[in-house]
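A quick write-up on the structure given underneath.
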Amino acid sequence: LLTPLAARAACTAPVPPPVSEKPAKPALPQKPACLDAKGGCPGWEAYTYNDGIKAYNAQLGPYRTSAEAYARKLKAYADGSVAYANCEMQSLQ
């Protein structure tokens, strides 16, 4: 059996993932007002908006991958926090 002092020494506090690793969600391109207008947008404005949407969609895949990786790190931190709290509670017995 571990003595309370030895049990305490075995408890390791988890370290949260750095906030700097949190990925930034891509911004949707601003929708032109003419898009909802009765006559629609002139060709160049519609094409520009469409190109912006295509670029946004292309960024979503990498963003999702990064966001899922960061979420896994957050979950590991949360799980580690529970394990740490349990270890500390055990050291009090």
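The values are calculated or read from the model by the stated rules, or taken from the named source; none is laboratory data. For clarity, every value in this text was computed on a predicted model and none was experimentally measured. Cβ atoms come from the backbone with ideal geometry, glycine included; neighbour counts cover every protein chain shown. Calculation scope for accessible area: heavy atoms of the full protein, side chains included, ligands and nucleic acids excluded. Shrake-Rupley method; radii C 1.70, N 1.55, O 1.52, S 1.80 Å.
How many residues are loosely packed, with under 13 Cβ neighbours inside 10 Å, under 25 Å from Val15 (Cα atoms) and of a type in the set (S, T, N, Q) when one looks only at segment 44-92?
Total satisfying the criteria: 2.
If Lys31 passes every condition in (1) assigned to a helix (DSSP H, G or I); (2) charged (D, E, K, R); (3) open to solvent by 60 Å² or more (accessible area, probe 1.4 Å) but one, which one does it miss?
(1)
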